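No value in this document is a laboratory result; all are computed from the given coordinates. What you see is a predicted model, and the numbers here were worked out from it, not measured in a lab. Glycine gets a Cβ as well: all are built from the backbone with ideal geometry, and neighbour counts include every protein chain shown.
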Amino acid sequence: MKKSLLALAILLAMAGCSEPDVPPQSQGADTAASIESPPATSASEDMTESQRLTAWLDEQFTQELSFSPQRRTRLGDKTDYDKLDDVSEAGMNRLLDWRRNSVAEMQSSFNYDALSEDAKVSWDIWEYALERAERSEAFRHHDYIFGRGGPHAGLPNFLINFHRVDQPSDMDAYIARLTQMDDVMRQYLQRSLRAVEAGIRQPRFGYDYAIAEIDRVTRGAPFTDEGVSPLMGDIQTKVTALLENGQIDQTTAERMLAQAESALLEQMKPAYDEVLAWLNADRMNTPEDANGVWALPEGEAYYNHRLYLMTTLELTADEIHDIGLAEVARIRAEMEAIKDAVDFDGSLAEFFVFMREDPQFYFPNTDEGRQGYLDLANVYLDAMNLKLPEYFGILPKADLVVRRVESFREQDGAAQHYASGTPDGSRPGVFYAHLSDMNAMPRYQLEVISYHEGNPGHHMQISIQQELTGIPRFRTQYGFTAFSEGWGLYTEALAKDMGFYEDPYSDFGRLATEIWRAIRLVVDTGMHAKQWSEEQAVQYFLDNSPQPEAAVRAEIQRYLTGAGQATAYKIGMLKIQELRATAMRELGDNFDYRGFHDTVLGGGALPMPVLETQVMRWIERVKQESTAP
């Protein structure tokens, strides 16, 4: 990189009050000073170079999207709507080569020193993306493919939830994609075979998840006589809508359904059968006890890479482990205070059991209970939306819906999650909940989870990022786990400052989710760096959290198959809280929540060192404005 991210952070902090070329698009009358455009201080030549770089980066991002028709579809772009991604190793190499050439062209075509400070941020993130890709190449085979939520479930989910059918050609494109599923699944299978040749296998339970998901995807017509399969049901719904809208006639509808059924049986099913046969055969080559990545070839180096990738910081496993232990101790003390406040007679461990097992904390395990869960989530979100303008100048335009996970990918006790909408608002953001087992979904945690997945959490952050203007388009779409998940967890605590969690049990739920993320620092590093067993990690989790055991076991298995990812939440949260504390200390009465939050969200998702720079620049500008005559 021309300048490392840390060097860039120091450079920009010294630069002080430089501003982006064009401020992000704001909404509402209370937009904070942090996103207002200051008087131009750069020479017109500098601004021209910055604008030229922005235009070039937009062209480059369009080229990047050409490597992924599916990503285009997720963004609401119907270009290459009849194609699926090339996920072969050759395809991965072509993308990496393109990225290398793109960065080389940028370095030879633009003068870094002539750029505005925000344009330098764009330059560095574009270089940083290459650095991440090159560092990841050495561990290409370490990422588990056919586990829980792998492409065998991901492809049907993509077609059902992201491939919109607005006109007849869209359904023809859907069918064309079905005919390519065999090629894509076999590309993934070839990569999996390369991995096992290198001695890399996921834990046995990952095989079991995939086998069960394949069964659910291929159960029902046209594969079996047990009802209608998820994909065929979606196809029938979308074809029927075209027919009822008068866009096709009965003959065309029958032709589409026949072609889709043929693709499912002749292209998709044989490929799924191959994957299933391999999973069943290779499953027996896995040890009975699940191990962390320390047991893989080059496991220590791979885990260190994953920690860097997820946190964007150079933290060691030991450092993260110690942070987790300290945070668990702090949060336990706050839990003790709530236990005493509700007059519970017993130890904190006994209070955990009470919270796990008392029926008052759970909805019935019925359809009515599931609907009650979704309805209550909307109640919390509606109340939050009324309060947002007091703490945020920029507000999201995109809608948010709360929805149950589709049955073919639903897992008992699995974590709720968010799926972003399209930048143009044609598809809303979705807060998904796994509701197959309501006994794993405590209602006292629903308030905090609603804020994390919805507003002011993921929906707000991702929607605002997608709606930003005045920065290169790639910055409206790129993501960094520490930023996005750190923001989600930060907003859980922010909601307390905003006056929510009036019910002490809901406030305990807030602490329960925070200690859950602190526990992650301990158990993730424990399993992957310190050789903890799965049961050792489960027991530590249960000893320090009221989470139901089913949810705990699902979480631990998630960490085992996604090394390092779980550390991003708490590390990112702590960094954002640290930056806010710095701003409050430096600005005193001039600190404004809206200005701080708009600064954090107003430049898109950023690596933590660059985010720190953005906040320090805002602090310096506010200081200057407050002392100006």
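This table checks each residue for (1) assigned to a loop (DSSP other than H, G, I, E, B); (2) among the acidic types (Asp, Glu); (3) buried (at least 22 other Cβ atoms within 10 Å of the Cβ).
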{"residue": "Leu560", "(1), (2), (3)": "no, no, yes"}
{"residue": "Thr567", "(1), (2), (3)": "no, no, yes"}
{"residue": "Ile571", "(1), (2), (3)": "no, no, yes"}
{"residue": "Thr582", "(1), (2), (3)": "no, no, no"}
{"residue": "Arg585", "(1), (2), (3)": "no, no, no"}
{"residue": "Gly604", "(1), (2), (3)": "yes, no, yes"}
- Query: Given the structure, is Glu117 of a type outside the set (Ser, Thr, Tyr) and either buried (at least 16 other Cβ atoms within 10 Å of the Cβ) or in contact with a strand residue (DSSP E or B) (Cβ under 8 Å, 6 or more places away or on another chain) (or both)?
  - Reply: yes
- Message: Among the residues of segment 535-555, are any under 25 Å from the mean Cα position of the chain (by Cα) and over 30 Å from Ser347 (Cα atoms)?
- Response: no
- Query: Do you know which of the residues in segment 237-285 that are within 21 Å of Met185 (Cβ to Cβ) and of a type in the set (Ser, Thr, Tyr) is surrounded by the fewest Cβ atoms within 10 Å (Cβ to Cβ)?
  - Reply: Ser262
- Task: Find all pairs meeting these conditions: Cβ atoms under 6 angstrom apart; at least six residues apart or on different chains; first residue within segment 313-325 and farther than 9 Å from Leu521 by Cβ; second residue outside any loop (DSSP other than H, G, I, E, B) and of a type outside the set (A, V, I, L, M).
- Result: Ala317/Thr525
- Query: Among Ile394, Ile471, Ile449, which is the only one that is hydrophobic (A, V, I, L, M, F, W, C), within 30 Å of Ala55 (Cβ to Cβ) and out of contact with any Asp or Glu (no Cβ under 6 Å at 6 or more places or on another chain)?
  - Reply: Ile471
- Here the residues within segment 209-236 that are surrounded by fewer than 18 Cβ atoms within 10 Å (Cβ to Cβ) and in contact with a strand residue (DSSP E or B) (Cβ under 8 Å, 6 or more places away or on another chain) are Ala221, Gly227, Val228, Gln236
- Working only within segment 337-353, note down all residues that are loosely packed, with under 15 Cβ neighbours inside 10 Å and in a helix (DSSP H, G or I). Ala337, Asp340, Ala341, Ala349, Glu350, Val353
- Note on the structure: Selection from segment 512-534 of residues among the hydrophobic types (A, V, I, L, M, F, W, C) and out of contact with any helix residue (DSSP H, G or I) (no Cβ under 7 Å at 6 or more places or on another chain) yields Trp516
- Query: Scanning for something among the hydrophobic types (A, V, I, L, M, F, W, C) and in a loop (DSSP other than H, G, I, E, B), does segment 284-291 turn up at least one residue?
  - Reply: yes
- Just a yes or no: is a residue in segment 523-542 closer than 30 Å to Tyr362 by Cα, touching a residue at least 24 places away in the same chain (Cβ under 8 Å) and surrounded by 24 or more Cβ atoms within 10 Å (Cβ to Cβ)? yes
